[in-house]
Amino acid sequence: MISELPEEFKKRMMVQLGNDYPAFEQSFEQPAVRAFSLNTAVISVEQFESCAEASEELKYDKIPGMRHAYYYVDDMHIGRCAYHHAGMIYSQDPAAMLVAEGIELPEKARVLDLCAAPGGKSVQLAQKLTDLGGILISNEPDKARNSILCSNIERMGFKNVAVTCMYPEDLAVLYPSYFDAVLVDAPCSGEGMFRKYPESVEQWSPSNIEHCAIRQKDILRSAVSMVKPGGTLVYSTCTYAPEEDEEIADFIRDELGFELIDAPEIVTKYATAVPLKNGTAYRFYPHVSKGEGQFMAYFQKPGELDKNDFSDHIRPSGNLRPADRECFKLIEEAFNGLPDINADCVFRNGETLFYLDRGIGRLPEKTVTKTGVCIGSVEKKRFIPHHDFFSAFGCSIKNRLELSPGSSEISAYLHGEELRLSQIQNGVYSGGDKGFGTVTVLGVPLGGFKLAGGRIKNHYPKGLRNL
Ligand code: SAM
């Protein structure tokens, strides 16, 4: 709860909101809204809802009108639950969810999320692109935040995402007119996050707003050059400051030459229209809808969108080479059978093997922090799988141990313990009697194990375990 809002902020909001201001101020007496979205790339809405309702682990209410978004019902610690570990759910504010919900994409789209950490919008975009056969480059220049982004993308098990760690001006040199859509969820003064992060109230100042607006324009100058003619640019912030919202939207239109376009119904259902010169942007207010503050504006680059320029051809750069037969032999031995994976998408860089989805091939070498899916590494003529591979391809591995949600076996596994095949009571094993395999929950990969002599040796990464 917030004790004091900055006086200057209050004065400005009174002018901005007029008669609605008292309701807006009252909303600060309520806690921030907690919600999550379901990762439909790994589980269907129907399967998740029927299983989650039967288990006591996760309590939620559906967000009306959104197909796979839910409010948390109580103050549960979601980070420890198997649904979270398996990448089935991603905690995110409902207002923030709307931004990516509103992005309409063509089949096989190439999308860039330019300011992506911790990754909520990338997670939504990657799901949409899984259905459309497209790919996502998720970028975050801050190294510490980039590593959080990588681990979130890994947890969700996406096959169609690469992560880069670059400043927009450097990325723009590599990808001129390349993306069907670019999302700029810009760093901002964060007024819309005052309830969620009360410390951001202390950091608020008019000079920070000014500083943010300058940086937003810089980011956008690079962003627009990466959008294909006829492609989409989406600009969003989690602030109410007109200098970072309305004025930047005018800048995109007047100085960068993009056309402001209407958002789809899902956005207009929850967000308030913000009239601008020649069009409408949208703002999510906590006193109007259940969620935090968010501004969003959708733009189109002049020109005709060429939807057929998607190349299936992978152009690996630098040291990436197609994997040879020897690699596949080692993988087959390690997994007690070759997992179902498109061999044309498997590449080797030194000792490490990667899966690169079609279209992701055009990657800058040094600044890629997640090159598609890391399959594992070849060490002394043996293959050691990486956790990323279990997350993304676990279901195509022959050895599988399906554990029931909420079971003691799942708790033990997430704690890093070894299990004995003969003692499993709440689960079903299928596969051979040796080799690497996947632990799944509701059919969704949780992590890896190695089976030897009836013992299930735990390969869940130490840094991810519940302690
Ligand atoms: N889109 C994210 C999500 O949904 O989880 C939230 C993004 S947050 C609002 C803005 C991000 O922009 C931060 O992670 C910040 O580190 C990053 N950033 C800061 N300066 C940047 C720059 N010059 N170019 C691109 N991103 C930048």
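The values are calculated or read from the model by the stated rules, or taken from the named source; none is laboratory data. These numbers were taken from a predicted model, which means no experiment stands behind them. Glycine also receives a Cβ, built like all others from the backbone with ideal geometry; neighbour counts cover every protein chain displayed.
Structure values in brief
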quantity	calculated
Residue, farthest from GLY448 (Cα to Cα), within the range 130-144, restricted to residues that are more than 13 Å from the ligand (Cβ to nearest atom) and of a type in the set (A, V, I, L, M)	LEU132
Members of the range 145-187 that are within 13 Å of the ligand (Cβ to nearest atom), aromatic (Phe, Trp, Tyr) and surrounded by 24 or more Cβ atoms within 10 Å (Cβ to Cβ)	none
Qualifying positions in the range 438-456 - more than 15 Å from ALA392 (Cβ to Cβ) and touching a Phe, Trp or Tyr at 6+ places or on another chain (Cβ under 6 Å)	LYS450, ILE456
Residue within the range 34-49 that is over 30 Å from VAL227 (Cα atoms) and among the acidic types (Asp, Glu) present	yes
Residue identified as modelled with pLDDT under 95 and surrounded by fewer than 19 Cβ atoms within 10 Å (Cβ to Cβ) among PRO198, PRO229	PRO198
Filter result for SER222 (free of Cβ contacts under 8 Å to residues at least 24 places away in the same chain and either farther than 20 Å from SER289 by Cα or more than 16 Å from the ligand (Cβ to nearest atom) (or both))	no
The range 204-213 - residue that is within 14 Å of the ligand (Cβ to nearest atom) and not hydrophobic (A, V, I, L, M, F, W, C) and, of those, surrounded by the fewest Cβ atoms within 10 Å (Cβ to Cβ)	HIS211
Residue ranges of helices (runs of 4 or more DSSP H) in the range 184-263 with at least 3 members farther than 20 Å from GLU101 by Cα and within 22 Å of the chain's Cα centre (by Cα)	206-225
Residue satisfying all of: in the range 130-143; of a type in the set (A, V, I, L, M) and surrounded by 24 or more Cβ atoms within 10 Å (Cβ to Cβ); farthest from ASP113 (Cα to Cα) among these	ILE135
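One line per residue, one yes/no per condition, for (1) in contact (Cβ under 8 Å) with a residue 12 or more places away in the chain; (2) within 16 Å of the ligand (Cβ to nearest atom); (3) of a type in the set (Phe, Trp, Tyr); (4) touching a Pro at 6+ places or on another chain (Cβ under 7 Å):
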residue	(1), (2), (3), (4)
TYR71	yes, no, yes, no
ASP74	yes, no, no, no
TYR83	yes, no, yes, no
GLN92	yes, yes, no, no
VAL99	yes, yes, no, no
ILE103	yes, yes, no, no
VAL111	yes, yes, no, no
